[in-house]
Every structure is written in C-alpha cells, then in structure tokens.
Amino acid sequence: MRSNREELPGLTGLRGLAAMSVLGFHFCWGFTYGYLGVDVFFVLSGFILTYVYRDGVSAGSFLWARVARTIPTHIVATTAVGLGAMFWGQATLRGSPTT
C-alpha cells in the first residue's frame, strides 16, 4: 500500500531527533524540555503519513493497513507485560522469606 509520493527524509530525521530528546529526558541526559519531543514526534508523524498516503489510498485501506501493522505489536507487548506481572508480581506479593 505504498504511494507514489517521495519520502521526506528530512522530516523523518527530525522525528528521530524528537524521539531521542524524549529518551534524553527520561534518562536525565540534560534534556530539560525533552518531553516536548512527544508533541513534535506525533505532529511530524501525522504530517508524513498524510503526505505519503494522501493520493490513491482509501481511508478504509489506510486504516486496515495501520491496524494490521500495530495490533501484533500490541498483542506481543501486552502478553509480555502480563507474563512478567504473573511471574514477578507473585514473588512481590509473597514477600521476602523471613528468617
């Protein structure tokens, strides 16, 4: 479902910098306003998606492609978190053994 429009490497690079600023904010690398990278990332992502898929792609096929691309990741992440909570959560609930 690719469009004939060319990609925008400059804006894609800015998206990468925005994501790195968020990481810098979370890991305290001196990025005081790194949380603003979330807004920049989503605005640029929305623009890039609209630009690339605007011509010749119906809304239904676009949404179906997005769902097909994101749902498997959500299933894997939810399963991993659920299994982690089951195994590590039980150990935390039981507490440490008393001596």
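Would you kindly derive the ³J(HN,Hα) couplings of segment 60-71 from the backbone phi angles with the Karplus curve 6.51 cos²θ - 1.76 cosθ + 1.60 (θ = phi - 60°), listing them in order in whole Hz, with x for Gly and Pro?
x, 5, 5, 5, 4, 5, 5, 5, 5, 7, 9, 4
Work out, in µm²/s and without decimals, the Stokes-Einstein translational diffusion coefficient of segment 1-56 at 20 °C, 1.002 mPa s, Rh from Kirkwood over C-alpha pairs.
Details: Rh = 12.1 Å.
Approximately 177 µm²/s, per Stokes-Einstein.
Determine the gain in length on full extension of the stretch residue 59-residue 77; use 0.36 nm per residue of separation and subtract their C-alpha separation, reporting nm with one decimal. Don't skip to the answer; put the middle values down first.
On the way: separation 18, 0.36 × 18 = 6.48 nm, distance 2.69 nm.
Gain in length upon complete extension: 3.8 nm.
To the nearest 0.05, what FRET efficiency results for residue 49 and residue 20 with a Förster distance of 25 Å applied to their C-beta separation?
0.75
The numbers here are math on the coordinates, done by the rules we state, and not lab data. Computed from a predicted model, the values in this text were never measured in an experiment. Quick reminder, even Gly has a Cβ in these numbers, built from the backbone with ideal geometry, and neighbours come from all protein chains shown.
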